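To keep things clear, I will list the structure first and then write my remarks on it.
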Amino acid sequence: MQERLVERAKELLADGTVVRVLGWKQGDLGYNPEPAYFNSPEELKDFVYDGFCGANLSKYMIQAGKLEGNTLVFLKPCDTYSFNQLIKEHRVKREKTYIIGVGCKGTLDVEKIKKAGIKGIESISQEGETLKVQTIYGERELPFMDALLERCTVCKGKTHQVYDELIGAQEGEEAGPTGNRFAMVEKLEAMSPKERFAFWQGELSRCIRCNACRNVCPACSCLKCVFDGNQFDSAQKANADTFEEQMFHIIRAFHVAGRCTDCGECSRVCPQGIPLHLLNRKFIKDINTFYGEYQAGEDTDSRAPLTNFTFEDVEPGVVGERGRK
Amino acid sequence: MQVEKTQEFRPKIVAFCCNWCSYAGADLAGSSRLSYPADVKIIRVPCSCRVNPMFILRAFQRGADGVILCGCHPGDCHYTTGNYYARRRMTLLFSMLDYLGVENGRTRVEWVSAAEGVKFSATMNEFVAKIHSLGENVRLEDLRCKRD
Ligand code: SF4
Ligand code: SF4
Ligand code: SF4
């Protein structure tokens, strides 16, 4: 797969379709490839595509669209929702982008591998349904499914929403392992308000305000974010006031409500393992219930739920009426 | 020594009222000598749609026990459609607040026209009674300060 992608990238660079490639390159460890530009066929020697290429490259296309010439980008099925949403918000330039939709078998969460008690990881390779982990203590094995990122356990399906060509994927491919992505939201809804408050207090108190969730989020592409200091021309965390500090997660979740594609990047990058998707999915679930099923990024022209209304919309009181616990 | 709570619970209630309808409704309630509890602090806004969800979060963060938003009846918005957008926003926000532990009874939207002084005072009395029954709110400002 990786070889096929590199080969095709070289062809597209050679025939002048694109002048640069946006992909993933080897990181300093065996399990942390990072997004990177490749400007020449030689540079592509560092290109990787494996189970740890979870990073969604859509947001990087905002920057790439401002550069001279066309860019080739590799998008996994779920990443294409984000790209579509960015087209809709006029943040990326479709005409300056050549999209190769890459097949995806699910991306991995190294934290889950570590939690399984595997220490001193050197490299990880996949053989069928098994992960072989080379550690400084010798080889260990783990079922592939046990190391999937949370978002991949509730995959939206393997169908690319936007692309120029596909590699390693077919049009209209079946969904992967699909659980009920609202299961945990429902569990929380069934708790008492006090229990819910305690739950969120436990989770959100761990936040170190690194802003990674915002920085990675394709929906958080505002030129000037409300969480950026407004006195100096840089994002100043030191400038934060208590209100934004305490309400950060709710405000951000509300800003992306109706635009969040549930790409799962926020939860993936959070160094504190905070389940941010539980906030986003609450909004998604409510939007689906109150205003009809809506999947952000499925198209580029629908009106987002929060910039839309109907005369018959439910009244806010409905929240209390939905069978109280 | 135990410090006894001598003061009875006085809820802090914030009411965002649209300038064109419920704020005038509150005036009418006043001039008609209809009463509503002094626990309700009114904030005048130019439209129900002006209420940024952050205002509501701010009120709760600063210790409000209940927040109510009053706007023009659907179809009667001074700016034609503001209240329709507000309706969606508030539905989602209130549901989220409930999900975080600020139970739903503490948030409300009520459509009150300038002619409905009676409805204004009745709504406020009812809402204050509701908050009384719910008691003190969780401290939203402590959402990120777990004390263990
Ligand atoms: S909020 Fe999280 S899941 Fe939603 S679009 Fe942003 S990064 Fe993706
Ligand atoms: S948190 Fe809000 S203001 Fe900041 S980038 Fe995200 S959507 Fe924009
Ligand atoms: S990524 Fe996690 S720790 Fe960082 S600001 Fe977001 S929630 Fe907080």
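Based solely on its DSSP helices, what 222 nm [θ] is calculated for chain A when runs of n ≥ 4 H residues each add -39,500 (n - 2.57) and the sum is averaged over all residues, nearest 500 deg cm²/dmol? Don't jump to the answer; show the numbers that get you there.
Numbers: 12 runs with 103 residues, N = 325.
Calculated from helices alone, the mean residue ellipticity at 222 nm is -9000 deg cm²/dmol.
Counting only the heavy atoms of the protein chains, how much of B:Arg139 is accessible to a 1.4 Å probe, in Å² to the nearest 10?
130
Could you order B:Trp20, A:Trp200 by accessible surface area, starting with the largest, using a probe radius of 1.4 Å? Before the final figure, lay out the partial values.
On the way: B:Trp20 115, A:Trp200 0 Å².
Sorted by accessible area, descending: B:Trp20, A:Trp200.
Going down the table (A:Lys88/A:Lys112; A:Lys114/A:Lys194; A:Lys93/A:Lys115; A:Lys96/A:Lys132; A:Lys59/A:Lys114; A:Lys224/B:Lys130), which pairs top 31 Å between alpha carbons?
Values: A:Lys88/A:Lys112 35 Å; A:Lys114/A:Lys194 33 Å; A:Lys93/A:Lys115 41 Å; A:Lys96/A:Lys132 40 Å; A:Lys59/A:Lys114 29 Å; A:Lys224/B:Lys130 40 Å.
Listed pairs above 31 Å: A:Lys88/A:Lys112; A:Lys114/A:Lys194; A:Lys93/A:Lys115; A:Lys96/A:Lys132; A:Lys224/B:Lys130.
What residues does segment B:85-113 have that are buried by at least 50 Å² of accessible area in the full protein assembly compared to the chain on its own, 1.4 angstrom probe?
Checking the loss per residue gives B:Tyr85, B:Arg87, B:Arg88, B:Thr91, B:Leu92, B:Ser95, B:Met96, B:Asp98, B:Tyr99, B:Leu100, B:Asn104.
Roughly how much of A:Asp28 is accessible, in Å² to the nearest 10, using a 1.4 Å probe?
Result for A:Asp28: roughly 130 Å² accessible.
Hey, can you list the residues from segment B:27-65 whose accessible area shrinks by 40 Å² or more with all protein chains present, relative to the chain by itself (probe 1.4 Å, no ligands or nucleic acids)?
Relative to the lone chain, where solvent access is computed with a 1.4 Å probe, segment B:27-65 loses at least 40 Å² at B:Met54, B:Leu57, B:Gln61.
Report in % the part of the accessible area of chain A that belongs to carbon and sulfur, leaving out ligands and nucleic acids; probe 1.4 Å. Intermediate values should be presented prior to the final figure.
Values: 7570 of 14940 Å².
That fraction is 51 percent.
At a probe radius of 1.4 Å, what is the per-residue accessible area of A:Ile208, in Å² to the nearest 10?
About 100 Å², ignoring ligands and nucleic acids.
Given A:Gly138, A:Phe47, B:Leu143, which one lies farthest toward the positive end of the charge dipole of the protein assembly as shown, if we put +1 on the Cβ of every Lys and Arg and -1 on the Cβ of every Asp and Glu?
Highest projection toward the positive end goes to B:Leu143.
Could you give the longest part of chain A that holds none of the GluC sites (Glu not before Pro) found in DSSP loops with at most 12 neighbouring Cβ atoms within 10 Å? Provide the component values of the computation, followed by the final result.
Values: sites that count: A:Glu68, A:Glu129, A:Glu171, A:Glu174, A:Glu293, A:Glu312.
It works out to A:175-292.
With contacts defined as alpha carbon pairs under 8 Å and 6 or more residues apart, what's the relative contact order of chain B in percent? The partial results should precede the final answer.
Values: 246 pairs, mean separation 52.0, N = 148.
It rounds to 35 percent for chain B.
Treating the beta-carbon of each Lys and Arg as +1 and of each Asp and Glu as -1, no other charges, what is the dipole magnitude of segment A:106-218 about its Cα centre, to the nearest 20 debye? Display every interim value, and only then the final one.
Values: 16 positive and 18 negative charges, 166 e Å.
Using Cβ point charges on Lys, Arg, Asp and Glu, segment A:106-218 gives about 800 debye.
Could you please put A:Arg268, B:Arg89 in sequence from largest to smallest accessible area, using a 1.4 Å probe?
Final ranking, largest accessible area leading: A:Arg268, B:Arg89.
What do you reckon, how do B:Asp98, A:Asp241 stack up by accessible area (1.4 Å probe), largest on top? Spell out each step's value before the answer.
Numbers: B:Asp98 10, A:Asp241 80 Å².
My answer, sorted largest first, is A:Asp241, B:Asp98.
Using protein heavy atoms only (no ligands, DNA or RNA), what is the total accessible area buried between A and B, 1.4 Å probe, nearest 100 Å²? Kindly include the intermediate steps, with their values, before the conclusion.
On the way: alone 16910 and 9090 Å², together 21860 Å².
Separately minus together, A and B give about 4100 Å² buried.
What is the gain in length, in nm to one decimal, between A:Ser40 and A:Ile136 on full extension, counting 0.36 nm per residue of separation less the C-alpha to C-alpha distance?
Numbers: separation 96, 0.36 × 96 = 34.56 nm, distance 3.55 nm.
Gain on extension, A:Ser40 to A:Ile136, equals 31.0 nm.
Work out which GluC sites (Glu not before Pro) in chain B are exposed loop sites (DSSP not H, G, I, E or B, at most 13 other Cβ within 10 Å) and give the longest gap free of them.
Values: sites that count: B:Glu4, B:Glu8, B:Glu136.
Maximal segment without exposed cleavage sites: B:9-135.
I need to check one value: relative contact order of chain A, counting alpha carbon pairs closer than 8 Å and at least 6 residues apart, in percent. If you can, show how the numbers build up before the last one.
Numbers: 488 pairs, mean separation 49.3, N = 325.
RCO, chain A: 15 percent.
Nearest 10 degrees is fine. How inclined is helix A:193-204 to the longest principal axis of chain A, computing both from alpha carbons?
Taking Cα atoms only, the helix is inclined about 30 degrees.
Using a 10 Å cut-off around each Cβ of peptide A:254-262, what is the average number of partner chain Cβ atoms that fall inside? Before the final figure, lay out the partial values.
Values: counts 8, 2, 0, 6, 2, 0, 0, 0, 0.
If you average over the peptide's residues, the count of other-chain Cβ atoms is 2.
Accessible area per residue of the protein assembly as shown at 1.4 Å probe, in Å²?
On the way: 21860 Å² over 473 residues.
Accessible surface, normalised per residue, equals 46 Å².
Which value, in debye to the nearest 20, gives the size of the charge dipole of chain A about its Cα centre, when Lys and Arg are +1 and Asp and Glu are -1 at the Cβ? Working shown, then result.
On the way: 43 positive and 48 negative charges, 173 e Å.
I would put it at about 840 debye.
Quantify how strongly other chains surround peptide A:188-199 by giving the mean number of their Cβ atoms within 10 Å of each of its Cβ atoms. Could you put the intermediate results ahead of the total?
Values: counts 3, 3, 0, 2, 2, 13, 3, 1, 7, 11, 3, 3.
The per-residue average across the peptide is 4.
What does the structure give for A:68-74 when I average, per residue, the other chain Cβ atoms found within 10 Å of the residue Cβ?
Numbers: counts 0, 0, 0, 0, 0, 0, 0.
Counting Cβ atoms of other protein chains within 10 Å of each residue's Cβ and averaging gives 0.
Tell me whether chain B comes out rounded, prolate or oblate; compute the Cα gyration tensor, take square roots of the eigenvalues as a ≥ b ≥ c, and use a/c under 1.5 as the rounded threshold.
Numbers: a/c = 2.61, a/b = 1.38, b/c = 1.89.
The shape class here is oblate.
The values are calculated or read from the model by the stated rules, or taken from the named source; none is laboratory data. Computed from a prediction, not measured in an experiment: that's the story for all the values here. No Cβ is skipped: glycine too gets one built from the backbone with ideal geometry, and neighbour counts run over all protein chains shown. These area figures cover heavy atoms from the full protein model, side chains too; ligands, DNA and RNA do not enter into them. Shrake-Rupley method; radii C 1.70, N 1.55, O 1.52, S 1.80 Å.
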